[in-house]
Amino acid sequence: MIELVHVSKTYLMGKVEIPALSDVSVTIEEGEFVAITGASGSGKSTLLHVAGCLDRPTSGTYRFRGRDVSRFSDGELTRVRNKEIGFVFQAFHLLWNETAVRNVMLPLLYSGSNNKKERAIAALESVGLKHRLSHKPGEMSGGEQQRVAIARAIVKEPHLILADEPTGNLDSESGQGIMKIFEELNRKGTTVVIVTHEQVVAEHCRRIVRLRDGQTVED
Ligand code: ADP
Ligand code: MG
């Protein structure tokens, strides 16, 4: 699914080069459930952005589902991302004035798919939100908002789910509920990669990749 080969990523701040990833080689097979851990600033989000085709490596090769996407154009990367990958973020990123159903329908609006509303409702039901379809984000708890975000990420049935600190804004009980949803998705065959700096969250996953200063120090 994911094959990073000697991947480095350097950010340029004025004239200063910031090495965010240094020679990282990681392979993740289809069906895996992986945590990326490490201290703040260790390169976790950068790794997720490269893996999710949101960003390109500065050097090295990234093969996603067999294709060398490190040389893809912006448009090609966007197409891969929209069709094959679902993202979940710490801050949910929901539209505040839209209902849960409308938020989850959003990824379908650009794809001319049928039964948009039915698919959105099915996705919300699968994360336990059947009773919150018409609620807006401000009318839901943090845990429920993150469930809406997960429903939005899975509504197109992506091959890969990438989550960046998905429980970071939640109390531990809501966080456990979110991890159960990821476990269930993985059990049904979706590849799941979760970035977290919390050991208790990482322990839900079947494999832990640890980063330090942009390098893998444990796998
Ligand atoms: P983590 O998610 O583990 O906290 P990041 O991948 O966000 O780490 O960041 C790794 C390093 O790269 C940090 O030193 C961070 O300051 C730097 N960095 C991340 N994104 C950018 C950016 N867009 N521009 C410049 N530096 C960045
Ligand atoms: Mg981060």
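The values are calculated or read from the model by the stated rules, or taken from the named source; none is laboratory data. Remember, predicted model here, so these are calculated numbers, not experimental data. No Cβ is skipped: glycine too gets one built from the backbone with ideal geometry, and neighbour counts run over all protein chains shown. Note: areas computed on protein heavy atoms with side chains; ligands, DNA, RNA excluded. Shrake-Rupley method; radii C 1.70, N 1.55, O 1.52, S 1.80 Å.
A few points about this structure:
- Matching residues, region 172-194, being farther than 14 Å from Ala153 by Cβ and either within 16 Å of ligand 2 (Cβ to nearest atom) or open to solvent by less than 60 Å² (accessible area, probe 1.4 Å) (or both): Ser174, Gly175, Gly177, Met179, Gly189
- The one condition in (1) more than 21 Å from Asp164 (Cα to Cα); (2) touching a His at 6+ places or on another chain (Cβ under 7 Å) that Arg71 fails to fulfil: (2)
- Subset of region 195-210 [over 29 Å from Thr10 (Cβ atoms) and open to solvent by less than 50 Å² (accessible area, probe 1.4 Å)]: His204
- Per the conditions (1) under 22 Å from Ala163 (Cβ atoms); (2) within 16 Å of ligand 1 (Cβ to nearest atom), the sole criterion not satisfied by Leu77 is (2).
So that you can scan it fast, the table gives a plain yes or no per residue for (1) at pLDDT 95 or above; (2) surrounded by fewer than 24 Cβ atoms within 10 Å (Cβ to Cβ); (3) in contact with a Gly (Cβ under 9 Å, 6 or more places away or on another chain):
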{"position": "Glu118", "(1), (2), (3)": "yes, yes, no"}
{"position": "Pro137", "(1), (2), (3)": "yes, yes, no"}
{"position": "Met140", "(1), (2), (3)": "yes, yes, no"}
{"position": "Ala149", "(1), (2), (3)": "yes, no, no"}
{"position": "Leu170", "(1), (2), (3)": "no, yes, yes"}
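- Residues within region 57-68 that are under 10 Å from Val7 (Cβ atoms) and open to solvent by less than 70 Å² (accessible area, probe 1.4 Å), tallied: 5
Okay, residues lined up against (1) charged (D, E, K, R); (2) more than 30 Å from Arg132 (Cα to Cα); (3) away from ligand 2 (no atom under 16 Å from the Cβ):
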| site | (1), (2), (3) |
| --- | --- |
| Lys9 | yes, yes, no |
| Asp23 | yes, yes, yes |
| Ser73 | no, yes, yes |
| Ile85 | no, no, yes |
| His93 | no, no, no |
| Trp96 | no, no, yes |
| Ser113 | no, no, yes |
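- Residue within region 33-44 that is of a type in the set (Val, Ile, Thr), open to solvent by 70 Å² or more (accessible area, probe 1.4 Å) and within 12 Å of ligand 1 (Cβ to nearest atom) present: no
- Filtered residues of region 31-71 (kept if hydrophobic (A, V, I, L, M, F, W, C) and either within 16 Å of ligand 2 (Cβ to nearest atom) or not in a loop (DSSP other than H, G, I, E, B) (or both)): Phe33, Val34, Ala35, Ile36, Ala39, Leu47, Leu48, Val50, Ala51, Leu54, Phe64, Val69
- Contact annotation: residue pairs with Cβ atoms under 7 Å, 6 or more positions apart or on different chains, pairing a residue in region 150-170 that is closer than 16 Å to Gly31 by Cβ with a partner that is within 16 Å of ligand 2 (Cβ to nearest atom) and not aliphatic (A, V, I, L, M), are Leu162/Gly52; Leu162/Phe87.
- Residue in region 10-22 that is surrounded by fewer than 16 Cβ atoms within 10 Å (Cβ to Cβ), in contact (Cβ under 8 Å) with a residue 60 or more places away in the chain and out of contact with any strand residue (DSSP E or B) (no Cβ under 6 Å at 6 or more places or on another chain) present: no
- For the condition within 16 Å of ligand 2 (Cβ to nearest atom), surrounded by fewer than 16 Cβ atoms within 10 Å (Cβ to Cβ) and either modelled with pLDDT of 95 or more or within 29 Å of Lys83 (Cβ to Cβ) (or both), Asp213 qualifies.
- Neighbours by Cβ (under 6 Å, 6+ apart or cross-chain): first from region 205-219, among the polar types (S, T, N, Q); second more than 16 Å from ligand 2 (Cβ to nearest atom): Gln215/Ser22
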